[in-house]
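Data block below; observations after.
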Amino acid sequence: MSTRPGQLTQGLLKNLKYDEPLKVNGSDQWIIKFNEETQVALMSTETGTYLKWDARQEFVVMSTTECWWNTQLLPQDDALVLALQVPPGINQDEGLQTLQMQPDHSVILQNQVGNPNETQLWMVVTSDMLSAQINVNFASAQ
């Protein structure tokens, strides 16, 4: 899966470690909008609000204002894996606040230095990919 500026993709973001979707305030279906500077905005298909960070950059919140996350893109075979990071602040010394799934499947922002770990990586799963997986599972079950 490739990205291009202005591209809109609809689907889930599944955490690489826990194989669970990103779910915030009941929303787990996202419209993912890419721009030309390796950033994404995530809009809930259920509420029309955007995923954003709080003022202290500790938690994620939903907002009516479009919000751009920095990304680290890691193409893998036919999938797209990314880390979502708060753009660095002026006074930020080291590391980036990165979206991370906790063992209880909640999400927080965690200071991350170096490469993101599996709890901070998210696979874009489109509705086409889900349909193909369902067809494969159905065929193998027969």
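The values are calculated or read from the model by the stated rules, or taken from the named source; none is laboratory data. Given the structure is predicted, the values throughout are model-derived calculations rather than measurements. All Cβ positions, glycine included, derive from the backbone under ideal geometry; neighbour counts span all protein chains shown. What goes into the accessible areas is simple: the full protein's heavy atoms, side chains included, and nothing from ligands, DNA or RNA. Shrake-Rupley method; radii C 1.70, N 1.55, O 1.52, S 1.80 Å.
How many residues are in a loop (DSSP other than H, G, I, E, B) and among the polar types (S, T, N, Q) when one looks only at region 28-70? Explain how you work it out, then say what you get.
Taking region 28-70 as the starting set, the residues that turn out to be in a loop (DSSP other than H, G, I, E, B) are 28-29, 35-38, 45-49, 54-59, 64-68.
Subset that is among the polar types (S, T, N, Q): 29, 35, 38, 45, 47, 49, 57, 64-65.
Residues flagged as in a loop (DSSP other than H, G, I, E, B) and among the polar types (S, T, N, Q) within region 28-70 amount to 9.
Can you find a residue in region 94-107 that is among the small types (Gly, Ala, Ser), open to solvent by 60 Å² or more (accessible area, probe 1.4 Å) and without any contact (Cβ under 8 Å) to a residue 12 or more places away in the chain? Working first, answer last.
So in region 94-107, the residues among the small types (Gly, Ala, Ser) come out as 95, 106.
Pick out the ones that are also open to solvent by 60 Å² or more (accessible area, probe 1.4 Å) and you get none.
There is no residue in region 94-107 that is among the small types (Gly, Ala, Ser), open to solvent by 60 Å² or more (accessible area, probe 1.4 Å) and without any contact (Cβ under 8 Å) to a residue 12 or more places away in the chain.
Looking at region 7-19 only, could you name the residues that are open to solvent by 50 Å² or more (accessible area, probe 1.4 Å) and of a type in the set (S, T, N, Q)?
Result: GLN10, single match.
Scan region 44-88 for residues that are open to solvent by 40 Å² or more (accessible area, probe 1.4 Å) and small (Gly, Ala, Ser) and jot them down.
The one that is open to solvent by 40 Å² or more (accessible area, probe 1.4 Å) and small (Gly, Ala, Ser): ALA55.
Determine if region 120-133 includes at least one residue that is of a type outside the set (Ser, Thr, Tyr), modelled with pLDDT of 85 or more, surrounded by 13 or more Cβ atoms within 10 Å (Cβ to Cβ) and part of a helix (DSSP H, G or I). Before the answer, list the steps.
Just the residues of region 120-133 that are of a type outside the set (Ser, Thr, Tyr), to begin with: 120-125, 128-130, 132-133.
From what's left, modelled with pLDDT of 85 or more: 120-125.
Checking the rest, the ones that are also surrounded by 13 or more Cβ atoms within 10 Å (Cβ to Cβ) come to 120-125.
With part of a helix (DSSP H, G or I) added as a condition, the list becomes 120.
So far as region 120-133 goes, yes, one or more of its residues are of a type outside the set (Ser, Thr, Tyr), modelled with pLDDT of 85 or more, surrounded by 13 or more Cβ atoms within 10 Å (Cβ to Cβ) and part of a helix (DSSP H, G or I).
Of SER44, SER140, which residue is closer than 15 Å to LEU13 by Cα and either out of contact with any strand residue (DSSP E or B) (no Cβ under 7 Å at 6 or more places or on another chain) or at pLDDT 90 or above (or both)?
Values: SER140 fails: closer than 15 Å to LEU13 by Cα.
Checking each option against the conditions leaves just SER44.
Would you pick out the residues in region 20-42 that are open to solvent by 30 Å² or more (accessible area, probe 1.4 Å), closer than 14 Å to VAL124 by Cβ and not β-branched (Val, Ile, Thr)?
PRO21, ASP28, GLN29, LYS33 - these are the residues of region 20-42 that are open to solvent by 30 Å² or more (accessible area, probe 1.4 Å), closer than 14 Å to VAL124 by Cβ and not β-branched (Val, Ile, Thr).
Determine whether LEU80 is under 17 Å from LYS14 (Cβ atoms), part of a strand (DSSP E or B) and in contact with a helix residue (DSSP H, G or I) (Cβ under 9 Å, 6 or more places away or on another chain). Can you show your working first?
Numbers: under 17 Å from LYS14 (Cβ atoms): yes; part of a strand (DSSP E or B): yes; in contact with a helix residue (DSSP H, G or I) (Cβ under 9 Å, 6 or more places away or on another chain): no.
Against the criterion (under 17 Å from LYS14 (Cβ atoms), part of a strand (DSSP E or B) and in contact with a helix residue (DSSP H, G or I) (Cβ under 9 Å, 6 or more places away or on another chain)), LEU80 does not qualify.
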